[in-house]
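Colleague: Here you go, one structure.
The values are calculated or read from the model by the stated rules, or taken from the named source; none is laboratory data. Note that the structure is a prediction, hence the values are computed from the model and not measured. Cβ sites come from the backbone with ideal geometry, for glycine too, and all protein chains shown count toward neighbours. These area figures cover heavy atoms from the full protein model, side chains too; ligands, DNA and RNA do not enter into them. Shrake-Rupley method; radii C 1.70, N 1.55, O 1.52, S 1.80 Å.
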Amino acid sequence: MTYTMKVAGLERELPLCKVSDELYIGAFIMFGDAELTVACASALLETIPADSYDYMLTAEAKSIPLIHEMARQSGAKKYFIARKGSKVYMPNPIHVSVRSITTLRQQDLFLGADDCELIRGKRILIVDDVISTGESLHALEELVKTAGGTVTGRAAVLAEGDALGREDITYLAPLPVFNADGTVKE
């Protein structure tokens, strides 16, 4: 089963993946799709005032190509990635825990003290590929707060499920959730 959607002027077939017996989601994967990544980055940048943030931040891993392309197109020299594990090159990292709709177990997101120093006192735009339950978004907000920055925007390519009713996020297209038979869940 697949779901056909159009985003940033491009059409894609999303395979439907089981989350539970009653819930399936459309798998939106930008990895390896350069055309989609470039188009979505451009479309998102058109919706966000360039003077509304100092840096962009995302969580590892699916939205890394998106934030990189947004930085490239906007001329940003630096962006941040909250890592899923502490690395030896991360001095005195801070972390928060998160469980998203696509993660089967709790994960931690980390930022090193060097990144925190750059974030302190700055306006941060959080970028993601899909916002659904908002758990990943909340974890990124907590990292920014702990680092001493201020979240001034939340942007995603798609909003899914509970995120569709949120007024504090910018997104390009809605993504419905599905029943086991492939019909859109009401």
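Colleague: Kindly list the number of the only condition in (1) within 27 Å of Val144 (Cα to Cα); (2) in contact (Cβ under 8 Å) with a residue 24 or more places away in the chain; (3) open to solvent by 20 Å² or more (accessible area, probe 1.4 Å) that fails for Pro91.
Modeller: (2)
Colleague: Going residue by residue through region 12-27, is there one that turns out to be closer than 23 Å to His138 by Cα and of a type in the set (Asp, Glu)?
Modeller: No, region 12-27 contains no residue that is closer than 23 Å to His138 by Cα and of a type in the set (Asp, Glu).
Colleague: Follow-up. Return the total of residues in region 162-183 being open to solvent by 60 Å² or more (accessible area, probe 1.4 Å) and either outside any strand (DSSP E or B) or more than 23 Å from Ala43 (Cβ to Cβ) (or both).
Modeller: 8
Colleague: Out of the residues in region 21-74 meeting the condition of being β-branched (Val, Ile, Thr) and part of a loop (DSSP other than H, G, I, E, B), tell me which one is least open to solvent (accessible area, probe 1.4 Å).
Modeller: Filtering first and then ranking leaves Ile48.
Colleague: Can you tell me how many residues within region 63-79 are hydroxyl-bearing (Ser, Thr, Tyr) and more than 12 Å from the chain's Cα centre (by Cα)?
Modeller: The qualifying residues number 2.
Colleague: Let me ask you something else. Does Thr146 fit the bill of being in a strand (DSSP E or B) and open to solvent by 50 Å² or more (accessible area, probe 1.4 Å)?
Modeller: Judged against the criteria, Thr146 is not a match.
Colleague: Further question on the same structure: Looking at region 128-137, is at least one residue modelled with pLDDT under 90, touching a Ser or Thr at 6+ places or on another chain (Cβ under 8 Å) and buried (at least 19 other Cβ atoms within 10 Å of the Cβ)?
Modeller: Yes, region 128-137 has at least one match.
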